[in-house]
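Please read the structure below before turning to the comments.
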Amino acid sequence: MDIPRLPLGDWIEGGLDYLTTQFSAVTRGISHVTQGGINSLNDALMWMPAWSLIALIALLCWRMSGVRLAVGSALGLALIWNLGLWDPMIESLTLVVIATLVAVVIALPLGILAAISNRFYAIIMPVLDFMQTMPAFVYLIPAIPFFGIGSVSAIFATVIFSMPPAIRFTTLGIRQVPKELIEAADAFGSTRSQKLVKVQLPLSLPTIMAGINQTIMLALSMVVIAAMIGADGLGNEVWKAIQRLRPGDGFEAGIAVVILAMVLDRLTQSFRKTKKAQ
């Protein structure tokens, strides 16, 4: 029996065409604001001499974690500087910072809502499962019709790809707050907002920080992949090395990505441990 093929791809293309046509003014506005933010942060970080930014990051690592992380981050960033990859590293860092901030701003309210509403929890969890199992490259496809080739599309794809862990961990952290503490807050006459702000969020902060840590790591991985649609940064260096068949340059850029990922990972983990100790 010949079963007709479901035209799912045609429906998706039609939907994207409709959205890009109807909301072109909105996407142009978002693109303009986002590109302005990218340029401003890039200019600010590149205005600083490389040695001063390395010293600043090392100082932050020392205050957050200790001498070991400070020395390791300083040596790693100095290696990136020595390899001539400082500017691409700054461009990647800019994209990661902006994408992470946008993802967290969207994810935290959704995670809180999923924690306090069982109905919303039942709706959003399958959506997050879908988002996390979708191949990373697929997120680049709808970004281009909305924002064109470049860093803004990279931000769009990165936010969508990296958001699920922050939502999941926020929900998990709030739902894991001991019921005895919630009952004690109720006994003292706390409102729902007071319980959330003064009890649930402070106690769940280490778990939320773990979600933000995962969001940063996913954002960095997507920023590298987004070089395929014109994003600047270390991913672009890897992509150029592939196109020119220069494996040495590709490995140098890959090492720079690893160093940046390790510094960001250790910093966020240190912040999480500090809050947990408090």
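Potential lengthening of the chain between V197 and L16 amounts to 61.2 nm, from the contour at 0.36 nm per residue minus the alpha-carbon distance. Computed over protein heavy atoms with a 1.4 angstrom probe, the accessible surface ordering of I116, I123, I208, largest first, is I123, I116, I208. Here is how the number arises for the chain: DSSP H runs of 4 or more residues each give -39500 (n - 2.57), the sum is divided by the residue count, and the result at 222 nm is -28000 deg cm²/dmol. Reducing the stretch 33-57 and the stretch 201-260 to their Cα centroids gives an inter-centroid distance of 17 Å.
With the highest mean first, a sort of the peptides 184-195, 135-146 on other beta-carbon atoms found within 10 angstrom per residue produces 135-146, 184-195.
Evaluating 6.51 cos²θ - 1.76 cosθ + 1.60 at θ = phi - 60° for every residue in the stretch 27-39, the Karplus couplings come out as 5, 5, x, 4, 4, 5, 5, 5, 5, x, x, 4, 5 Hz, glycine and proline recorded as x.
Mind running the shape call on the chain? Use the C-alpha gyration tensor, a ≥ b ≥ c as the square roots of the eigenvalues: rounded below 1.5 for a/c, prolate if a/b tops b/c, oblate otherwise. Note, shape of the chain comes out oblate.
For the stretch 195-278, chymotrypsin sites (Phe, Trp or Tyr not before Pro) meeting the loop criterion (DSSP other than H, G, I, E, B) and having at most 11 other Cβ atoms within 10 Å: none. Of W51, W62, the residue with the largest accessible area leads and the full order is W51, W62 (1.4 Å probe).
Sorting 36-46, 209-219 by average packing, meaning the other beta carbons within 10 Å per residue, from highest down gives 209-219, 36-46. Along the stretch 169-181 the Karplus relation, 6.51 cos²θ - 1.76 cosθ + 1.60 evaluated at θ = phi - 60°, assigns HN-Hα couplings of 5, 5, 4, 4, x, 5, 6, 8, 4, x, 5, 4, 5 Hz to successive residues, with x for each Gly and Pro. Given R0 = 45 Å, the distance between the Cβ atoms of A25 and V71 translates into a calculated FRET efficiency of 0.35.
The values are calculated or read from the model by the stated rules, or taken from the named source; none is laboratory data. Just so you know, these numbers come straight off a predicted model, no measurement behind them. No Cβ is skipped: glycine too gets one built from the backbone with ideal geometry, and neighbour counts run over all protein chains shown. Side chains included, ligands, DNA and RNA excluded: accessible areas come from the protein's heavy atoms. Shrake-Rupley method; radii C 1.70, N 1.55, O 1.52, S 1.80 Å.
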